[in-house]
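Below: the structure, in structure tokens.
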Amino acid sequence: MSLQEQLDTFKSEFARTAAPGRSALYEAKIEELRASFCLKRAVGVGDDAPDFSLTDARGNSVSLRKLLVRGPVVVTFYRGGWCPYCNFQLRAYQAILPQVASLGARLVAISPQLPDGSLSTAETNALTFDVLSDVGNIVARGFGLVYTLQDEVRAALRSNNKALPAINGDESWELPVPATYVIAVDGRVSLAHIEVDYRKRLEPNAIVASLKSLQSV
């Protein structure tokens, strides 16, 4: 089963079991975001990826510039371990990690959640790649991915014990649009997948294909 098939199955089950009106609310807010989000401002194919240095789940500093010295880097921005769609994605990417490594690349995942949340995400999903904390969405903002959750969605998350201020450590209610990049050793973006609908994610095989294309250049 592909990653998107897994996500679609979860989406259908959520629609069946969620509180009345919740699924329709999320659908409406996704479409509102689609209409308002400025995709042109996001880092895209051919752009230079902004350098960053973030702390991983165990307190170690991870720098994009230093990683690129060793090979290409796959960077995926996710909402947080509280998001079930993100967890499906992270586990699917973990499954291709041997292929990513065999192609000389590194994989890092970035969310705005506090380091303890990143550690929990890594442990719960048995992740062995770098899981980084971008508190305040500083790096995500540099990639042009940040947006603010609408009041109705904030209320829904509070009702599910997923209030972002406690998870992310600030009162902004900001998140990154889920996005995955493949960055070549010269710092240029060779693949960019940006989707305002958080229920859709880049398939793992697209990452592998992109890394293979870099080897053939």
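The values are calculated or read from the model by the stated rules, or taken from the named source; none is laboratory data. Every value quoted in this text rests on a predicted model; they were computed, and no experiment measured them. Neighbour counts are summed over all protein chains in view; Cβ atoms, including those assigned to glycine, are modelled from backbone coordinates with ideal geometry.
For this structure, a couple of remarks:
- Screening region 52-64 for residues that are free of Cβ contacts under 8 Å to residues at least 60 places away in the same chain and outside any loop (DSSP other than H, G, I, E, B) and picking the one that is farthest from the chain's Cα centre (by Cα) gives Ser61.
- Candidates Ala179, Ala192 - the one that is buried (at least 18 other Cβ atoms within 10 Å of the Cβ) and touching a His at 6+ places or on another chain (Cβ under 7 Å): Ala179
- Residue match in region 105-120 (condition: of a type in the set (A, V, I, L, M), closer than 30 Å to Ala209 by Cα, surrounded by fewer than 19 Cβ atoms within 10 Å (Cβ to Cβ) and modelled with pLDDT under 95): yes
- Total residues in region 68-87 satisfying the condition of being outside any helix (DSSP H, G or I), farther than 16 Å from Ala101 by Cβ and under 12 Å from the mean Cα position of the chain (by Cα): the figure is 6.
- Here Lys11 clears all of (1) farther than 24 Å from Asn161 by Cβ; (2) in contact with a Phe, Trp or Tyr (Cβ under 9 Å, 6 or more places away or on another chain) except the condition numbered (1).
- First in region 195-217 and at negative phi and at pLDDT 95 or above, second anywhere and surrounded by 14 or more Cβ atoms within 10 Å (Cβ to Cβ) and charged (D, E, K, R), Cβ under 7 Å, 6 or more apart: Tyr198/Arg79; Arg199/Lys11
- Residues of region 104-137 that are touching a Pro at 6+ places or on another chain (Cβ under 9 Å) and farther than 19 Å from Arg91 by Cα: Gly104, Asp134, Val135, Gly136, Asn137.
- Test set (1) modelled with pLDDT of 95 or more; (2) surrounded by fewer than 16 Cβ atoms within 10 Å (Cβ to Cβ); (3) hydrophobic (A, V, I, L, M, F, W, C); (4) within 18 Å of the chain's Cα centre (by Cα) - Ala49 fails condition number: (2)
- Only one of the listed residues (Ser172, Ser190, Ser213) is assigned to a helix (DSSP H, G or I) and not aliphatic (A, V, I, L, M). That residue is Ser213.
- Out of Arg41, Arg70, one residue alone is in contact (Cβ under 8 Å) with a residue 40 or more places away in the chain, exposed (fewer than 13 other Cβ atoms within 10 Å of the Cβ) and out of contact with any Phe, Trp or Tyr (no Cβ under 8 Å at 6 or more places or on another chain). It is Arg41.
- Single residue of region 124-145 satisfying the filter (surrounded by fewer than 21 Cβ atoms within 10 Å (Cβ to Cβ) and closer than 19 Å to Ala166 by Cβ) that is farthest from the chain's Cα centre (by Cα): Thr124
- Filtered residue count, region 86-137, keeping only those that are touching a residue at least 60 places away in the same chain (Cβ under 8 Å) and aromatic (Phe, Trp, Tyr): 2
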